[in-house]
Amino acid sequence: TIQTDAGLRTPIVAVLGHVDHGKTSLLDKVRGSAVIEGEAGAITQHIGATAVPLDVVSQVAGSLVDPEEFDLPGLLFIDTPGHHSFTTLRSRGGALADIAILVVDVNDGFQPQTEEAIRILQDSQTPFVVAANKVDTVPGWQVDEDAPIKQTYEAQSDRVRQQLDESLYSIIGELSDAGFSSDLYWRLQNFQNNIGVIPVSAKTGEGIPDLLAVLMGLAQRYMKEEMEIDVTGPGAGTILEVKEEQGFGKTLDVILYDGTVRASDTIVVGGQNGPIVTDVRALLKPRPLAEIRTEKRFEKVDELAAAAGMKIAAPDLEDAMAGAPVRVVRDRDLDDVVEEVQAELAEVAVDTGEEGIVVKADTLGSLEAMANALDEAEIPIMRAEVGDIAPRDVSMATTVDEEKHRVILGFNVDVLGDAADKAEQQDVRIFESDVIYQLVEGYEEFVEEMER
Ligand code: GTP
Ligand code: MG
C-alpha cells in the first residue's frame, strides 16, 4: 500500500462507462505505461484495484505533473467490469469512489450505460472527468505514442481535427443535456463547476499523461481534506464481491477506504439478515503478475491499510452482500460496531409492502438505486433483495392480488435453475437488464399494454 507520514490516503478513482467503450483498456494502458517507465515494481495490483504511486503518475505524465506540488500518495483505480454496475461502489453516506473517470467512445457518444453512470454520479455527487476515448480511430489520425493530447491534437490535419471536434462537441452537448457544464480540459480554469473532457486513446496512450495529471490535480486541490485519515485505526470498507474461492470457501473482495485490517481482527460485515460478526481467517492480496498460477493466486499478508483492495477469508460469510459495509472491531465495543453496520444497512433498506413487485439486484448499491427509481415511478415493491432470481422469488411473486404485480425485475443477476420455467408455468413475468431505467421503462410499458 502507498502511504505517507501525513496520514493522507490514496484517492479512489472509479472507471465507468458503457460496455466496450474502453474502461479496461484504459487501465491496462495506465499500468502498461507505468511498467514501460521502468517502475514495474511500484505498481501494485490489488484485488479489484490498481495502485499507481505519485512518482509513477509523474513519470507517465511527464512535465504535466511535478511531484513537488503534490502530497497525496498516488491514485487507486477501481476496475468496474461491464457486468458489474458502478452502483456497487457505495460507502458510508455516499460514493466509495472519490473521483470517477467516465469513459465515452468518441465514435459512439452517449449510450444507455453512459447515461446511467451520469445519473449515479449526479446522485452521489461524485466529481468526475470524461475520457473521450479511441481518438486514434478518427480516419487519418497520426499517432504520437503516449504523447500529451494537446500536442498530438494540434499536430493533426485540419480535417482530422475537425472530425474529432465534432465528436467531442457532441459529447459536450450530451453532458449539457444531462445538466453538466463541460469543455475540453485545457480550456477550463475551474474544475469544480465544470467537467473536464480529455480526449485519449487507450490504444496509443495519447492523452493518458493529461488524464493522470487532471485526476491528480483534482484530487490534490479539492479532496485533500477528505484524504486525511487515521491510517492505523480500525478499518472501514465496502464489499465489491462475495466469491467462492478454492481452499477458502466464501470470501469477500473489499475496498478499504479507512484505517487498517489485520489478519487477527474481528470484523462486522453487512449480510442479508443483518450484521455478521466473524474473525478474519486470512487477508489476501494477489501475487505479483509473473507468479500467478491458478491454484495459488493469492498471498497471505498480516495487515493492509487504506486505500487498498483485498480479499478477506472468514467463516460465516454465506449471507454477506456486495455493496455492504465491512468494519474492523479492534479495541472498540463490539455492540457499537454492530450498531454502526446495522445503521448503515438501515440507510439503504427498501420500503416494502404487502402488494407490489419483486426486485432482485447484484449489490446493495444497485438495489438502492433500483428502489429509488421505482419509488420515483410510484411502483410498489413487495420484496427487494440482493441475489439471483430463484424459484422462491417466483413463488413470492404469485402471492400478489394484482396481475400487474406478478413481476420480478432483475438487475445484473442470473435466473437460477428452474426459476424461468416455474415463472412461465405460473404466469410470472421476469424482466432483466443491466440498465436501471430500461428495467423501469420496460415494466411501465408492460403495465400500459396490460391496461389498454
Ligand atoms: P466492458 O468491460 O465489457 O464494459 O468493456 P470495456 O469498457 O472495458 O472495454 P475494453 O477496454 O474491453 O475495450 C473494448 C474494445 O475496444 C477492445 O476491443 C479494445 O481493444 C478496444 N479499444 C479500447 N480502447 C481503444 C482505443 O483507444 N482505440 C482503439 N482503436 N480501440 C480501443
Ligand atoms: Mg472491461
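The values are calculated or read from the model by the stated rules, or taken from the named source; none is laboratory data. Just so it is clear, the structure is predicted and the values come from calculations on it, not from any experiment. Neighbour counts are summed over all protein chains in view; Cβ atoms, including those assigned to glycine, are modelled from backbone coordinates with ideal geometry.
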Exercise. Would you confirm whether any residue within region 284-302 is free of Cβ contacts under 8 Å to residues at least 12 places away in the same chain and within 22 Å of the chain's Cα centre (by Cα)?
Key: no
Self-check item: Pick from region 111-133, criterion within 14 Å of ligand 1 (Cβ to nearest atom) and farther than 11 Å from Leu16 by Cα, ranking: surrounded by the most Cβ atoms within 10 Å (Cβ to Cβ)
Solution: Asn133
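Yes/no matrix, rows are residues, columns are (1) surrounded by fewer than 18 Cβ atoms within 10 Å (Cβ to Cβ); (2) touching a Gly at 6+ places or on another chain (Cβ under 7 Å); (3) not hydrophobic (A, V, I, L, M, F, W, C):
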| position | (1), (2), (3) |
| --- | --- |
| Ala369 | no, no, no |
| Pro391 | yes, yes, yes |
| Lys404 | yes, no, yes |
| Ala420 | yes, no, no |
| Gln426 | yes, no, yes |
| Tyr437 | yes, no, yes |
| Phe446 | yes, no, no |
Quiz item: All but one of (1) part of a helix (DSSP H, G or I); (2) modelled with pLDDT of 90 or more; (3) away from ligand 2 (no atom under 16 Å from the Cβ) hold for Gly38; which doesn't?
Solution: (2)
Quiz item: Taking region 147-163, which residues are over 23 Å from Val30 (Cβ atoms) and surrounded by 15 or more Cβ atoms within 10 Å (Cβ to Cβ)?
Solution: Gln156, Val160, Arg161, Gln163
Quiz item: Is region 51-67 home to any residue that is under 26 Å from Asp146 (Cα atoms), within 16 Å of ligand 2 (Cβ to nearest atom) and either modelled with pLDDT of 85 or more or in contact with a Lys or Arg (Cβ under 6 Å, 6 or more places away or on another chain) (or both)?
Solution: no
Quiz prompt | Qualifying positions in region 283-308 - modelled with pLDDT of 90 or more and outside any loop (DSSP other than H, G, I, E, B) | solution = Leu283, Leu284, Lys300, Val301, Glu303, Leu304, Ala305, Ala308
Exercise. Given the conditions (1) within 25 Å of Asp98 (Cβ to Cβ); (2) out of contact with any Pro (no Cβ under 8 Å at 6 or more places or on another chain), report the number of the one that Val341 does not fulfil.
Key: (2)
Self-check item: Flag for Gly365 being farther than 23 Å from Gly247 by Cα, among the small types (Gly, Ala, Ser) and surrounded by fewer than 19 Cβ atoms within 10 Å (Cβ to Cβ)
Solution: no
Exercise. Specify the residue that is modelled with the highest pLDDT; the eligible residues are those in region 13-35 that are near ligand 2 (Cβ under 9 Å from one of its atoms), assigned to a helix (DSSP H, G or I) and farther than 24 Å from Tyr222 by Cβ.
Key: Ser25
Exercise. For Ile239, work out the one condition from (1) more than 16 Å from ligand 1 (Cβ to nearest atom); (2) in a helix (DSSP H, G or I); (3) out of contact with any helix residue (DSSP H, G or I) (no Cβ under 7 Å at 6 or more places or on another chain) it doesn't fulfil.
Key: (2)
Quiz item: Within region 178-192, restricting attention to residues that are of a type outside the set (Lys, Arg) and exposed (fewer than 14 other Cβ atoms within 10 Å of the Cβ), which residue is nearest to Glu115 (Cα to Cα)?
Solution: Gly179
